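First the structure, in the form of structure tokens, and then the observations on it.
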Amino acid sequence: MSQSKLGSVISNKMQKVVVVKVVEKKQHPFYKKLITKTAKFKARDDIGVQTGQIVKIVETKPVSKDVHFKIQEVEK
């Protein structure tokens, strides 16, 4: 099953590729403090999204060396 993530577009300067920032918040198992982890993913953009939009990305076969995700849909 393909893994999907929700994040915001931070760069669309490449041709047909955007950079998406995904933020995960988890609670530490012992200290109970919220830990924020951020990750950047390069995703194939066939829709034509703009910087700042919230998108859902889904894992696919490798498109290039760095691109392993594609944009599934634009969230509101």
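The values are calculated or read from the model by the stated rules, or taken from the named source; none is laboratory data. What you see is a predicted model, and the numbers here were worked out from it, not measured in a lab. All Cβ positions, glycine included, derive from the backbone under ideal geometry; neighbour counts span all protein chains shown.
Looking only at segment 1-25, count how many residues are part of a strand (DSSP E or B) and modelled with pLDDT under 95. Walk me through how you get there before you give the answer.
Step one: of segment 1-25, the residues part of a strand (DSSP E or B) are 4-11, 17-25.
In the following step, the residues that additionally are modelled with pLDDT under 95 were identified as 4.
Qualifying residue count for the region: 1.
The set of residues from segment 26-69 being in a strand (DSSP E or B) and within 16 Å of Lys13 (Cα to Cα) comprises Lys40, Phe41, Lys42, Ala43, Arg44.
One residue stands out among those in segment 4-26 that are among the β-branched types (Val, Ile, Thr) and loosely packed, with under 13 Cβ neighbours inside 10 Å: the one that is nearest to Glu73 (Cα to Cα), which is Ile10.
Mind checking which residues of segment 39-58 are over 13 Å from Glu73 (Cα atoms) and either without any contact (Cβ under 8 Å) to a residue 12 or more places away in the chain or surrounded by fewer than 10 Cβ atoms within 10 Å (Cβ to Cβ) (or both)?
Residues of segment 39-58 that are over 13 Å from Glu73 (Cα atoms), as a first pass: 39-42, 51-52.
Correct list: Gly52 only.
Every residue in segment 59-76 that is aromatic (Phe, Trp, Tyr) and surrounded by fewer than 10 Cβ atoms within 10 Å (Cβ to Cβ), please.
Narrowing segment 59-76 to residues aromatic (Phe, Trp, Tyr): 69.
None - no residue of segment 59-76 is aromatic (Phe, Trp, Tyr) and surrounded by fewer than 10 Cβ atoms within 10 Å (Cβ to Cβ), so the list stays empty.
Consider segment 27-38 and keep the residues that are of a type in the set (Val, Ile, Thr) and more than 20 Å from Asp66 (Cα to Cα). The one that is surrounded by the most Cβ atoms within 10 Å (Cβ to Cβ) is Ile35.
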